[in-house]
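Asks: The structure follows.
Every read-out reported here was derived from the displayed coordinates using simple, explicitly stated rules and does not represent laboratory data. If you're wondering where the values come from, they're calculated on a predicted model, not measured in any experiment. Heads up, the Cβs are rebuilt from the backbone with ideal geometry, glycines too, and the neighbour counts pull from every protein chain shown.
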Amino acid sequence: MKGKCSIICPLFKADEYIKPLFKSLQKQKGVDILEMIFVLTESGNGEEKILADLVKDNKIIKYNVIKKKEFSHSITREKAAFGAKGDVIVFVTQDIEIKSDSFLRNLVSPILDGEVDACYARQKSKYNNIEKYTREFNYPKKSFVVSKDDVERLGLKTFFFSDAASAISRKKFVELGGYDGKDLPISEDMYFAYKLIMAGGKIKYCADAEVFHSHRFTIKQIYERYKLTGEFFKQNKYLDKYGTNGSGAALAKYVLKRIFEEKRFGLLLRYPFDMGARFVGMKVGKR
């Protein structure tokens, strides 16, 4: 496995996250990190001072500051990736927690070894909430690879991808034009995954590259996220023809099954509202 990595992480109100994230990345073994690129959206929380202090002792860190109105989930990442120098670009979000020092090696080695063009990590929740079960459903214990050959069988799930913790061949990212300069409010990862798969590329889900990515979303926050997702599908109607293969219903059934298996009956009070917010939000966004 030969090659260098450029890690890209957007930051906003990230004062509590920067140092722990940097330390966990610094501890990674068996991988060559060329640079860590942080893009800080101004918040007044003192993050720039934290970054400036880190830069003094760690020359691999680079950062720039943008105004809130300049931030875009897609364009901000795209600009950083186009300016990166590594063979592999690694996208992470500020709130992931990395426990293993082999995380990064496990995430990037399939790309550097020429097996695939992109990889995404297994995400787990540290909270005993419904998100714990949705993470289990979307990020199973076994790794797999998808390509264009799987579209008929998996439908839309072929393009599932998460840049909360992912890696992409920089050459392939640039070759395919990244996110095409589009300002995507959500699902920029799926947008690129679709392009990559349809261009004949391969994506690997790396179950052995684990991160904790945990939230305690309110019902309103879940609704708003799924409304944005619905708007994304409305803007990218070509994805409709791939269907969902019943993944929404399958998720709801899986979560309910796991609630009963673990006897977390208190979650039954939230369950219909949580699942309903996802369904209604998506419908409203698509309308």
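Asks: Which lysines have a Cα lying under 22 Å from the Cα of LYS23, excluding residues fewer than 8 positions away in the same chain?
Replies: Within the straight-line cut-off, LYS23 pairs with LYS4, LYS13, LYS49, LYS56, LYS59, LYS62, LYS85, LYS99, LYS124, LYS126.
Asks: Next question. Can you tell me which of 230-236, 258-264, 160-166 comes out highest on packing, and rank the rest after it, using the mean Cβ neighbours within 10 Å?
Replies: Numbers: 230-236: 17.0, 258-264: 13.0, 160-166: 21.3.
Answer by packing, highest mean first, reads 160-166, 230-236, 258-264.
Asks: Would you calculate a helix-derived [θ] at 222 nm for the chain, using -39,500 (n - 2.57) for each DSSP H run of n ≥ 4 and dividing by the full residue count, to the nearest 500?
Replies: For the chain, the value works out to -12000 deg cm²/dmol.
Asks: So, one more: Under 5 Å between amide H atoms, partner at least 5 residues away or on a different chain: which partners does ILE61 have, H built in plane at 1.01 Å?
Replies: MET36
Asks: In nm, give the distance between the simple-model label positions of LYS49 and LEU34, each being 7 Å from the Cα along the Cα-to-Cβ direction.
Replies: Taking the simple label geometry, LYS49 and LEU34 are separated by 3.4 nm.
Asks: Right, next: Any idea what the relative contact order of the chain is, in percent, if you count C-alpha pairs under 8 Å spaced at least 6 apart?
Replies: Reported relative contact order: 21 percent.
Asks: Report the net charge of residues surrounding GLU262, where surrounding means a beta-carbon distance below 13 angstrom and charges are Lys +1, Arg +1, Asp -1, Glu -1.
Replies: On the way: positive: LYS132, LYS257, ARG258, LYS263, ARG264; negative: GLU136, GLU261.
Neighbourhood net charge equals +3.
Asks: Taking the Cβ of LYS126 as the centre, find all other residues whose Cβ is under 9 Å away and add up their charges (Lys, Arg: +1; Asp, Glu: -1).
Replies: It works out to a net charge of +1.
Asks: Highest first, please rank the peptides 171-182, 196-207 by the mean number of other Cβ atoms sitting within 10 Å of their residues.
Replies: Those peptides, ordered most packed to least, come out 196-207, 171-182.
Asks: Sort 214-227, 84-97, 30-43 by packing, meaning the average of other beta carbons within 10 Å per residue, with the highest value first.
Replies: Packing order, densest peptide first, comes out as 84-97, 30-43, 214-227.
Asks: Report the local net charge at SER74: Lys and Arg +1, Asp and Glu -1, summed over other residues whose C-beta lies under 14 Å from its C-beta.
Replies: Residues near SER74 contribute -4 overall.
Asks: Give the aspartates and glutamates whose C-alpha is closer than 18 Å to that of LYS241, dropping any in the same chain fewer than 8 places away, or say none.
Replies: Reachable aspartates and glutamates: ASP149, ASP150, GLU152, GLU231.
Asks: Can you tell me the orientation of helix 219-235 relative to the chain, as the angle in degrees between its alpha-carbon axis and the longest Cα principal axis, to the nearest 10?
Replies: For 219-235 against the chain, the angle is about 80 degrees.
Asks: What is the Cα radius of gyration of the chain over 2.2 N^0.38 Å, N being its residue count?
Replies: 0.99
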